[in-house]
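The values are calculated or read from the model by the stated rules, or taken from the named source; none is laboratory data. The structure displayed is predicted, hence computed values, not measured ones. Neighbour counts run over all protein chains shown; Cβ positions are idealised from the backbone, glycine included.
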Amino acid sequence: QSLVISAGGDILGSSLSVYATAGVDLVVASGGVGAEFLVLEDLLTMTASMDLSQVASSNQISFNVYSDNQITAIEGRFYLWATYPKVKCCFKVVDKTVEYDIYNTDAALDKTEILLDEIYVFSF
């Protein structure tokens, strides 16, 4: 039987990104080009847990502390977009937007560095 209590989450996060779009509007539709670019994103997470499953049998409590830092850099896409009217149910007209990727790049840097991964066992 396992009894583990844990808590954790994002401690600190930051992101720097750029978004741009340019287009032309016609009478019925519009279209253009766009770009989304992630320059840098950093996320620090931490989790702590306590395992009480060995208290009765071995008189032990174990604690685990884990922390990592996730860095992503230089990622983005360039795309074409178009918006046009579309007839839906009951003759309702809504604007529909479609996008087509011209260039999509994965991150040049996508790394997770483990900062802390420790287990402490206390016997009593």
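Per-structure values
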{"quantity": "Residue within the range 5-22 that is of a type in the set (A, V, I, L, M) and touching a Pro at 6+ places or on another chain (Cβ under 8 Å) present", "calculated": "no"}
{"quantity": "Count of residues meeting criterion [surrounded by 14 or more Cβ atoms within 10 Å (Cβ to Cβ) and touching a residue at least 60 places away in the same chain (Cβ under 8 Å)] in the range 57-67", "calculated": "3"}
{"quantity": "All positions within the range 81-97 that are in contact (Cβ under 8 Å) with a residue 40 or more places away in the chain and over 12 Å from residue 28 (Cβ atoms)", "calculated": "81"}
{"quantity": "Candidate set from the range 36-60 (those that are more than 19 Å from the chain's Cα centre (by Cα) and among the hydrophobic types (A, V, I, L, M, F, W, C)); member that is nearest to residue 101 (Cα to Cα)", "calculated": "48"}
{"quantity": "Residues that are within 20 Å of residue 20 (Cβ to Cβ) and surrounded by 10 or more Cβ atoms within 10 Å (Cβ to Cβ), drawn from the range 77-100", "calculated": "77, 78, 79, 80, 81, 82, 83, 97, 98, 99"}
{"quantity": "Residue among 71, 61 that alone is within 30 Å of residue 18 (Cβ to Cβ) and aliphatic (A, V, I, L, M)", "calculated": "71"}
{"quantity": "Search result, residues across the range 14-56 that are loosely packed, with under 13 Cβ neighbours inside 10 Å, at pLDDT 95 or above and within 30 Å of residue 2 (Cβ to Cβ)", "calculated": "none"}
